[in-house]
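Remarks on the structure that follows.
The values are calculated or read from the model by the stated rules, or taken from the named source; none is laboratory data. These numbers were taken from a predicted model, which means no experiment stands behind them. We place every Cβ from the backbone using ideal geometry, glycine too, and count neighbours over all the protein chains shown.
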Amino acid sequence: MTPHGPRQRFRWGAAVAASAAVLLVSGCGLVGVRISDEAGAPLRVGAQPTMGPEPEPTETADPALEGMTKQNLTFTADCPARVGVHVPDDWTSNTSGSSFAAFPTTGGFDGPRLSVMCSTGFASTPSESVSSTQKYQFSDAATEVVAEHTGQVGPGYSWVYEANLGPEETMSSFSDEATSAVGASVSYPISGKLYDVTVTYYFTTGDTKVRDQAVAALTNLQVEGTTVSSPADW
C-alpha cells in the first residue's frame, strides 16, 4: 500500500475536519459544498436561511368588539356558572346574587340594556331545558325571530337568537318604543346539577349601533370558558 505523502494527508485531514463541522452546525442552517469536483476536495461552509420554530399562537380579538370590555361574571353559590360577556365601555352596571344588569351611563331602564340571569334548572337534560325556553320565551304572536341557532356548549346546550318583539313583549321589556332583542339561553350542568343562564340585550328596533354591539357580544359569549355558538346569518 502506497503511504500518503504530507500534502495528501493534509488535504484528507482538512476534508474530514470540515465535514465534521458541517455535521455539527447543519441544524443551524449551515451547509457545505465541495470547492471542486475532485474526490476528497475540501468543503466550503456557508449559511442559508432555514425555517425557525413556529410562533406561539396569539388570540386575535374580534374587531367588532372595539369599544367593549369583557365582563367575567360569577354569581353566588346558588349559581356557580361563570359567564363571560362583553359590555360597551360607556355603559354602567350592577350585580346581585344571581343577576347582572348594564345600560348606558346616560340612559336608564327604558333604553338599551343588558340582562344576565342565572338560576337552577329543573329539566332532565340541557337540550330539554333549552327546548322549553324556546317554546315559552315569547308569548306575543307578533314577535318575529329573525335569526337563531341551537347547539352544544361543552356538556351543555344553547339557543342564541335575534328577535323583533311584539307589543306585549315590548311592554314587558319596559319600553314604549318598538324593541328588538339579541339573546341566548344556555343550560349547563355543573357538579351533577343543571343551571340555566339567560343573556339578553334589549334595544330600540333600528338602533344599529347597539344592535351590532349586541351581536358582537353574543357571538363571543362564553359559559364556563366555552364559547357559545351563534347564528351564521345574524
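Scanning the stretch 90-117 for residues that are assigned to a strand (DSSP E or B), out of contact with any Lys or Arg (no Cβ under 9 Å at 6 or more places or on another chain) and either closer than 17 Å to ASP207 by Cα or outside the structural domain of THR208 (by TED's automatic domain parsing) (or both) yields a count of 2. Going by what's in this entry, would THR170 be described as surrounded by 18 or more Cβ atoms within 10 Å (Cβ to Cβ) and either in a helix (DSSP H, G or I) or in contact with an Asp or Glu (Cβ under 9 Å, 6 or more places away or on another chain) (or both)? Spelling it out, THR170 is indeed surrounded by 18 or more Cβ atoms within 10 Å (Cβ to Cβ) and either in a helix (DSSP H, G or I) or in contact with an Asp or Glu (Cβ under 9 Å, 6 or more places away or on another chain) (or both). For the stretch 109-159, name all the residues that are of a type in the set (A, V, I, L, M) and under 29 Å from THR92 (Cα atoms). Those that are of a type in the set (A, V, I, L, M) and under 29 Å from THR92 (Cα atoms): LEU114, VAL116, MET117, VAL145, VAL146, ALA147, VAL153. Summed over the stretch 176-202, the residues that are out of contact with any Ser or Thr (no Cβ under 9 Å at 6 or more places or on another chain) and either outside the structural domain of ASN220 (by TED's automatic domain parsing) or not aliphatic (A, V, I, L, M) (or both) give a count of 2. Taken together, the residues in the stretch 188-234 that are among the hydroxyl-bearing types (Ser, Thr, Tyr) and touching a Phe, Trp or Tyr at 6+ places or on another chain (Cβ under 8 Å) amount to 3. Restricting the stretch 173-194 to residues that are touching a residue at least 40 places away in the same chain (Cβ under 8 Å) and over 22 Å from the mean Cα position of the chain (by Cα) leaves a set whose member that is surrounded by the fewest Cβ atoms within 10 Å (Cβ to Cβ) is SER191.
When the stretch 195-227 is filtered for residues that are free of Cβ contacts under 8 Å to residues at least 12 places away in the same chain and of a type in the set (D, E, K, R), only LYS209 remains.
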